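Worksheet for the structure shown next.
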Amino acid sequence: MEALRSADEIRDANTRYHDVAAQSYDSKWGIDFGPVGQGQVLGKLSKVLGAELGRGYQRSLEIGAGTGYFTLNLLQAGVVQEATCTDISPGMIRQLADNARRLRLNVRTARADAESLPFPDQTFDIVFGHAVLHHLPNVRRAFAEFHRVLRPGGRIAFAGEPSRAGDRLAALPKRGALTVAPLWRKLIGAGPAPAPGYADVAPARAPAPLQAGSNGASAPKDEGRDLERLVDIHAFAPADLARHARRTGFEEIDVRGEELVANWFGWFNRGLEATADPDQVPMLWRQYAFNGYLVLQRLDERVLEPLLPAALFYNLLLTARKPAPALA
Ligand SMILES: C[S@@+](CC[C@H](N)C(=O)[O-])C[C@H]1O[C@@H](n2cnc3c(N)ncnc32)[C@H](O)[C@@H]1O
């Protein structure tokens, strides 16, 4: 985490880092725009939106939309009708537009900073985002913008935000992976990585793409690693997110946690993989890592999430409503 940077430096680092990451982003994170991806996105949002998700939303705005993981899946699932996607990175916006074209989906895109949205007041029925709030220099100002562009009665929904305690707990499997990595490489017959990989980007989703040989961003590695340190600037306690929403004027605030053992498993495997030559990691291993993650995600969802406090989980989800004027 980097504290002593100006807001402009953080925004600039985010733009450059995500521009570089954009092209290989989907393969790196195993982003899917078919039934699997739709199921993941609906699964996350239903945890905070419940039955309301089924009724859908006419006009949606996504913040930090990246390559379209949330919006393009929600359009296909029929949950949103008229979608607008914003991101600070032109590279991400281009990739999103390519994905939308390929999927024959209509989506409006705009390059925009979350803290200064180029839309009139009360434009949208829902404002949402995935894995974006932790990149924003001034979260409070961004919430004020979400509130401004929402119609009265509209909702915010954010998922995939790193929790402070979850982040600390994730350090254990990362360290464990480094300890056993030499033995693991011997067992699978892989040589060491030519250069350290991008192992430390916040994993807000399934950690192991199934493509053999894919090692995520193809950026010049040193610049990528330097920027990485600048872009992940927050991890939240559930109360932090609730406070931002409350102080901006939202009501019906709900913060939940998701992914615990799935995340430990994911970080452990990603930690191992980052030490190996990606071309020598067998497909069978990648399948094991990916399927194992999905199984543990179900265990988290069905058993641990209803039982344990939100703060323990790796990812936080938040929803809140902009008050509607009372009927006379
Ligand atoms: C971790 S990625 C998540 C992308 C996408 N939501 C997903 O889940 O695949 C974070 C995204 O937030 C964007 N971002 C970072 N800072 C931003 C800002 N100040 N305003 C808007 N978007 C921002 C990045 O460019 C990047 O696309």
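Which residue is farthest from residue 37 (Cα to Cα), if the candidates are limited to the range 96-105 and must be in a loop (DSSP other than H, G, I, E, B) and touching a residue at least 24 places away in the same chain (Cβ under 8 Å)? Spell out the reasoning first.
The initial filter retains those residues of the range 96-105 that are in a loop (DSSP other than H, G, I, E, B), namely 103-105.
Next, only the ones that are touching a residue at least 24 places away in the same chain (Cβ under 8 Å) stay: 103, 105.
Working: 103: 13, 105: 15 Å.
Top of the filtered list is 105.
Name the pairs whose Cβ atoms lie under 6 Å apart, with the first residue in the range 118-145 and near the ligand (Cβ under 9 Å from one of its atoms), the second of a type in the set (Lys, Arg), and 6 or more positions between them or separate chains?
none
From 48, 20, 41, grab the single residue that is within 14 Å of the ligand (Cβ to nearest atom), hydrophobic (A, V, I, L, M, F, W, C) and within 22 Å of residue 296 (Cα to Cα). Please lay out each step first, then the result.
On the way: 48 fails: within 14 Å of the ligand (Cβ to nearest atom); 20 fails: within 22 Å of residue 296 (Cα to Cα).
Checking each option against the conditions leaves just 41.
Name the single residue that is farthest from the chain's Cα centre (by Cα) among those in the range 113-164 being assigned to a helix (DSSP H, G or I) and small (Gly, Ala, Ser). Please lay out each step first, then the result.
First pass over the range 113-164, keeping only residues assigned to a helix (DSSP H, G or I): 133-135, 139-149, 164.
Of the ones still in play, those that are also small (Gly, Ala, Ser) are 142, 144.
Working: 142: 17, 144: 21 Å.
In this case the residue turns out to be 144.
Can you find even one residue in the range 277-292 that is closer than 30 Å to residue 9 by Cα and either under 16 Å from the mean Cα position of the chain (by Cα) or among the basic types (Lys, Arg) (or both)? Write out each step before concluding.
Residues of the range 277-292 that are closer than 30 Å to residue 9 by Cα, as a first pass: none.
No: the range 277-292 contains no residue that is closer than 30 Å to residue 9 by Cα and either under 16 Å from the mean Cα position of the chain (by Cα) or among the basic types (Lys, Arg) (or both).
Scan the range 75-88 for residues that are more than 8 Å from the ligand (Cβ to nearest atom) and under 15 Å from the mean Cα position of the chain (by Cα) and jot them down. Please lay out each step first, then the result.
Keep residues of the range 75-88 that are more than 8 Å from the ligand (Cβ to nearest atom), which gives 75-85.
Matches in the range 75-88: 85 only.
State the number of residues belonging to the range 22-50 that are β-branched (Val, Ile, Thr) and in contact with a Leu (Cβ under 7 Å, 6 or more places away or on another chain).
Start the filter on the range 22-50 by keeping residues that are β-branched (Val, Ile, Thr), which leaves 31, 36, 41, 48.
Among the residues that remain, those that are also in contact with a Leu (Cβ under 7 Å, 6 or more places away or on another chain) are: 41, 48.
Residues in the range 22-50 being β-branched (Val, Ile, Thr) and in contact with a Leu (Cβ under 7 Å, 6 or more places away or on another chain): 2 in total.
Give the residues of the range 314-328 that are within 15 Å of the chain's Cα centre (by Cα) and in a strand (DSSP E or B), sorted by residue number.
If we filter the range 314-328 for residues that are within 15 Å of the chain's Cα centre (by Cα), which is where we start, we get 314-318.
Hits for the range 314-328 are 315, 316, 317, 318.
Yes or no: residue 51 touching a residue at least 24 places away in the same chain (Cβ under 8 Å) and either at positive phi or hydrophobic (A, V, I, L, M, F, W, C) (or both)?
no
Kindly provide the set of residues from the range 146-175 that are more than 12 Å from the ligand (Cβ to nearest atom) and closer than 24 Å to residue 327 by Cα, ordered by number.
Quick first cut of the range 146-175, residues more than 12 Å from the ligand (Cβ to nearest atom) only: 147-157, 163-175.
If the condition is that a residue be more than 12 Å from the ligand (Cβ to nearest atom) and closer than 24 Å to residue 327 by Cα, then 147, 148, 149, 150, 151, 152, 153, 154, 155, 156 are the ones that fit.
Search the range 163-175 for residues being surrounded by fewer than 23 Cβ atoms within 10 Å (Cβ to Cβ) and not aliphatic (A, V, I, L, M), and hand back the single one that is nearest to residue 123 (Cα to Cα).
164
Restricting to the range 51-68, and then to whatever is surrounded by fewer than 21 Cβ atoms within 10 Å (Cβ to Cβ) and assigned to a loop (DSSP other than H, G, I, E, B), can you tell me which residue is farthest from the ligand (Cβ to nearest atom)? Before the answer, list the steps.
Taking the range 51-68 first, the residues surrounded by fewer than 21 Cβ atoms within 10 Å (Cβ to Cβ) are 51-56, 58-59.
Right, trim to assigned to a loop (DSSP other than H, G, I, E, B) and you get 51, 56.
Details: 51: 24, 56: 20 Å.
So the residue we want is 51.
Would you point out the residue of the range 249-271, among those that are more than 23 Å from residue 306 (Cα to Cα) and among the small types (Gly, Ala, Ser), that is surrounded by the most Cβ atoms within 10 Å (Cβ to Cβ)?
Step by step, filter the range 249-271, then rank; the result is 271.
Could you say which residue among 10, 31, 93 is within 13 Å of the ligand (Cβ to nearest atom) and assigned to a loop (DSSP other than H, G, I, E, B)?
Details: 10 fails: assigned to a loop (DSSP other than H, G, I, E, B); 93 fails: assigned to a loop (DSSP other than H, G, I, E, B).
Unique residue meeting the criteria: 31.
Only the coordinates and a few stated rules stand behind these numbers; no lab work does. In this text the structure is predicted, and so the values were computed from the model without any measurement. In this analysis, Cβ positions are derived from the backbone assuming ideal geometry, glycine residues included, and neighbour counts consider all displayed protein chains.
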